[in-house]
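Only one structure is covered here, and it is reproduced in the block below.
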Amino acid sequence: MVSDLDVEAVAMTMTVHEDGLRKSWIWMALLAVISLVGGVLALLNPFAATLAATLMAGWVFALLGIVQIVQAFQVQGWGGFIWALLFGLLTLIIGGSLIFNPLAGMVSLTLLVAVLFLAIGVVKIMYSFSLRPVTGWVWVLVSGIVSLVLGIMILADFPMSAASILGILLGVELLSNGVLFLFIALGLRNLR
């Protein structure tokens, strides 16, 4: 049985959490502004945004490779040591190639994105048919067709699309996040 003290404790905890959330709205608004500005800048100069995304991916791969190599040497007696070391070395090589030859990296990443759009599009379309008796299955089909068309559009203009497509996708993602953060900030500000 729940006592009055338990109900009061839960209510007080909720009030404390809601108060903390309400006070955090300004930080979410700041995230919104940063994302929106970043998205606009990426769309204004998609080549620079593509180059930045490629370099960032390169540094992330390089860092992951280094950490994996260090981790592999922490467990040398382990039977998977050679595989962990190989995984780290390959990841480091991929990162280095993106960092030291970002233009070629842009082409490789763009091709990967196009293939992913195509594969995801086919999977969504097949998934939509399996959902057919469910209301809204057609939206999964539409989403699959959009993914398929995006993949075909990227490949149709390949390798020229490599100069801008990653930057455009980054810009759209940043704008989408900015709108999301803005609505969350407004919702947090109006919490009562």
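Just a few scattered comments:
- For segment 67-156, the fraction of alpha-carbon pairs in successive 10 Å shells from zero, as %: 17, 24, 21, 22, 15, 1
- Residue among Gly121, Gly38, Gly20 with the largest mean-square fluctuation in a Gaussian network model of the chain, springs linking Cα atoms under 10 Å: Gly20
- Angle between the chain longest axis and helix 165-189 axis [Cα atoms, degrees, rounded to 10]: 10 degrees
- Projected label distance in nm at Phe100 and Leu21, using a 7 Å step from Cα toward the beta-carbon: 5.0 nm
- Helix 102-130 axis, angle to the chain major axis (alpha carbon atoms, nearest 10°): 60 degrees
- Degrees between helix 4-23 axis and first principal axis of the chain (Cα, 0 to 90, nearest 10): 50 degrees
- Relative contact order computed over segment 57-192 (Cα-Cα under 8 Å; 6+ residues apart), in percent: 20 percent
- Remark on the chain: Rg and Dmax equal 23.2, 68 Å (Cα only).
- Each label was represented as a point 7 Å from its Cα along the Cα-to-Cβ direction; for Asp157 and Leu90 these points are 3.3 nm apart.
- Alpha-carbon centroids, segment 54-81 and segment 143-192: separation in whole Å: 30 Å
Read-outs: derived from the displayed coordinates by stated rules, not from any lab. Remember, predicted model here, so these are calculated numbers, not experimental data. Virtual Cβ from ideal backbone geometry, glycine too; neighbours counted across all protein chains shown.
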